[in-house]
1. Tell me whether segment 4-13 contains one or more residues that are touching a Gly at 6+ places or on another chain (Cβ under 6 Å), at pLDDT below 90 and not hydrophobic (A, V, I, L, M, F, W, C).
2. Taking Val154 as meeting all but one of (1) part of a helix (DSSP H, G or I); (2) of a type in the set (A, V, I, L, M); (3) over 22 Å from Leu171 (Cβ atoms); (4) under 14 Å from the mean Cα position of the chain (by Cα), write down the number of the exception.
3. Since Glu109 meets every condition but one in (1) more than 18 Å from Tyr190 (Cα to Cα); (2) modelled with pLDDT of 95 or more, which condition does it not meet?
4. Going residue by residue through segment 15-25, is there one that turns out to be in contact with a Leu (Cβ under 8 Å, 6 or more places away or on another chain) and under 19 Å from Ile156 (Cβ atoms)?
5. Can you pull out every residue in segment 106-126 that is more than 18 Å from Ser83 (Cα to Cα) and surrounded by 22 or more Cβ atoms within 10 Å (Cβ to Cβ)?
6. Could you check Ile5 against (1) under 15 Å from the mean Cα position of the chain (by Cα); (2) open to solvent by 20 Å² or more (accessible area, probe 1.4 Å) and say which number it fails?
7. Applying the selection to segment 160-177, what residues are assigned to a helix (DSSP H, G or I), buried (at least 18 other Cβ atoms within 10 Å of the Cβ) and in contact (Cβ under 8 Å) with a residue 40 or more places away in the chain?
Amino acid sequence: MDKYIHLDFGHGYNTTGCQSPDGRLKEHEWTRAFGRQLQEALMAEGYKIHLTAPDNREPTLPVRTKSANKFYNENKGKHIFVSIHVDAFSVAFNNASGMSVRVGTKSGEKAKKLASCIMKEAVMAGVTGNRDVPPCMYWEQNLYVCNNTSMPAVLIEYGFATNRADVERLLSLEGRRQLIEITVNGINKYFDSL
């Protein structure tokens, strides 16, 4: 049975989203560059990829979820939805740091399992920063893309644009490779558990 991953590249060029105080990291640019690298890694693992925002335009949240749900309904197989983001706290550099994986307030057990599998990889890699990771290994939040998809969905914040160490990791080749490995390993473990 085919396995599909719906990749959602977070904010687009129409919405600046967050950026580092020094302007080196812009979320809308980073999510697309990183997302393309993640896409290649996932395809190498045999996954089929559907992009909810394939170009630089920024579809609305309903357009993104409708695209994913339409593709889901037209293609038999196992599906997940992964939204790629960069976090921020304030507009100045500060100590808030680390990766987090979030589910929606309406998310089912499969989404929570997916989030937990990815976050466990992040904990083992030591990229959780100064966050207290919940015992369940995910954060629950009222997120439109997670609450309105027909498949298990997670939103991943890969680090803080307002933390110097996170920015260095997000911008470095080695850091992006580590984050891709975390994500791919977590997704593999999720599908292996089904």
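The values are calculated or read from the model by the stated rules, or taken from the named source; none is laboratory data. This is a predicted model, so every value here is computed, not measured. FYI the Cβ positions are ideal-geometry reconstructions off the backbone, even for glycines, and counts take in every protein chain you see. Heads up: the accessible areas ignore ligands, DNA and RNA and are worked out on the full protein's heavy atoms, side chains in. Shrake-Rupley method; radii C 1.70, N 1.55, O 1.52, S 1.80 Å.
1. yes
2. Unmet for Val154, out of (1) part of a helix (DSSP H, G or I); (2) of a type in the set (A, V, I, L, M); (3) over 22 Å from Leu171 (Cβ atoms); (4) under 14 Å from the mean Cα position of the chain (by Cα): (1).
3. Going through the list (1) more than 18 Å from Tyr190 (Cα to Cα); (2) modelled with pLDDT of 95 or more, Glu109 breaks only (1).
4. yes
5. Of everything in segment 106-126, nothing turns out to be more than 18 Å from Ser83 (Cα to Cα) and surrounded by 22 or more Cβ atoms within 10 Å (Cβ to Cβ).
6. (2)
7. Passing the criteria: Asp166, Val167, Arg169, Leu170, Arg176.
Table: residues versus (1) touching a Cys at 6+ places or on another chain (Cβ under 9 Å); (2) under 13 Å from Leu170 (Cα atoms); (3) free of Cβ contacts under 8 Å to residues at least 40 places away in the same chain.
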residue	(1), (2), (3)
Phe9	no, no, no
Arg24	no, yes, no
Arg36	no, no, yes
Ala41	no, no, no
